[in-house]
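The values are calculated or read from the model by the stated rules, or taken from the named source; none is laboratory data. In this text the structure is predicted, and so the values were computed from the model without any measurement. Here Cβ is always computed from backbone atoms with ideal geometry, including for glycine, and neighbour counts include all displayed protein chains.
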Amino acid sequence: MASRGVYIEHLRRVALFSGLSKKELERVASAGSEVDVAAGKVIMEQGHSGADAFVVLKGTFVVRRNGRKVAQLSAGDIFGELALLDDGPRSATVECNSDGSVLAISRGQFRAVLDDIPALSHKLLAAMAGRIRNLDRTVLG
């Protein structure tokens, strides 16, 4: 199991959390739980419900959308973060390529962090707006 300092370093690399102070990052880190993931394990499946986001601590994870590989994730990457905002279905399937570990943060834990750190709500909204803009450019030109 990694130390709290390792969690903070990984969280600092996530765009959503990059502007937070060390104290704020410690609060986010304390809301998560480290989970070991074996190679070949599907950690989330497209179309299924979920209430957790995951920050990669170790290993590599492949992201597939409609069966097609769209990304490969490694330490410091985040996935499943839309589940922190709503009850909608997962937009992709994520499978562990090599033995690894993630910091799992549940919706309830994350909402408690948002209550403690209002600035995070602003960063979250900005990050989601950026994703919408990128999607709009990709789809509509």
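Out of curiosity, is D115 surrounded by fewer than 19 Cβ atoms within 10 Å (Cβ to Cβ), under 21 Å from F17 (Cβ atoms) and free of Cβ contacts under 8 Å to residues at least 40 places away in the same chain?
yes
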Could you please find all residues in region 30-76 being within 12 Å of the chain's Cα centre (by Cα) and surrounded by fewer than 19 Cβ atoms within 10 Å (Cβ to Cβ)?
A51, S74, A75, G76
S121 passes all but one of (1) farther than 18 Å from V6 by Cα; (2) of a type in the set (G, A, S); (3) part of a strand (DSSP E or B); which number fails?
(3)
Which of the numbered conditions does K123 fail, given that it passes all the others? Conditions: (1) under 20 Å from K22 (Cβ atoms); (2) among the basic types (K, R); (3) without any contact (Cβ under 8 Å) to a residue 24 or more places away in the chain.
(3)
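Pull up region 5-58, narrow it to residues that are assigned to a loop (DSSP other than H, G, I, E, B) and closer than 14 Å to V113 by Cβ, then point me to the one that is modelled with the highest pLDDT. Show your work before the answer.
If we filter region 5-58 for residues that are assigned to a loop (DSSP other than H, G, I, E, B), which is where we start, we get 14, 18-21, 31-32, 38-41, 45-51.
Going one step further and asking which of them are closer than 14 Å to V113 by Cβ, we end up with 14, 20-21, 31-32.
On the way: V14: 86, L20: 82, S21: 85, A31: 90, G32: 93.
Among those that are assigned to a loop (DSSP other than H, G, I, E, B) and closer than 14 Å to V113 by Cβ, it is G32.
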Among (1) of a type in the set (D, E, K, R); (2) within 25 Å of H122 (Cβ to Cβ); (3) in contact (Cβ under 8 Å) with a residue 12 or more places away in the chain, D86 falls short only on (3)
Pairs please, first residue from region 62-76 and within 20 Å of L11 (Cα to Cα), second anywhere and of a type in the set (D, E) and at pLDDT 95 or above, Cβ atoms under 6 Å, 6+ apart in sequence or on different chains.
V62/E95
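Which residue, of A38, A92, is of a type in the set (A, V, I, L, M) and either closer than 26 Å to L135 by Cα or in contact with a helix residue (DSSP H, G or I) (Cβ under 7 Å, 6 or more places away or on another chain) (or both)? So that I can check it myself, show each step before the final result.
On the way: A38 fails: either closer than 26 Å to L135 by Cα or in contact with a helix residue (DSSP H, G or I) (Cβ under 7 Å, 6 or more places away or on another chain) (or both).
None of the other options fit; the residue is A92.
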With the requirement that a residue be closer than 17 Å to A104 by Cβ, touching a strand residue (DSSP E or B) at 6+ places or on another chain (Cβ under 9 Å) and of a type outside the set (D, E, K, R), what does region 29-47 give you?
A29, A31, G32, S33, V35, V37, A38, V42, I43, M44
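Quick one: in region 71-84, which of the residues that are closer than 16 Å to G47 by Cα and either in a strand (DSSP E or B) or not charged (D, E, K, R) (or both) is modelled with the lowest pLDDT?
At the first step, the residues of region 71-84 found to be closer than 16 Å to G47 by Cα are 79-84.
Adding the requirement that they be either in a strand (DSSP E or B) or not charged (D, E, K, R) (or both) leaves 79-80, 82-84.
Details: F79: 95, G80: 93, L82: 86, A83: 88, L84: 83.
Taking the candidates together, the pick is L84.
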Against the condition on the phi > 0 side of the Ramachandran plot and within 12 Å of the chain's Cα centre (by Cα), how does G80 come out, does it pass?
yes
Taking the residues in region 95-110 that are over 14 Å from the mean Cα position of the chain (by Cα), not in a strand (DSSP E or B) and not polar (S, T, N, Q) as candidates, determine which candidate is surrounded by the fewest Cβ atoms within 10 Å (Cβ to Cβ).
G108
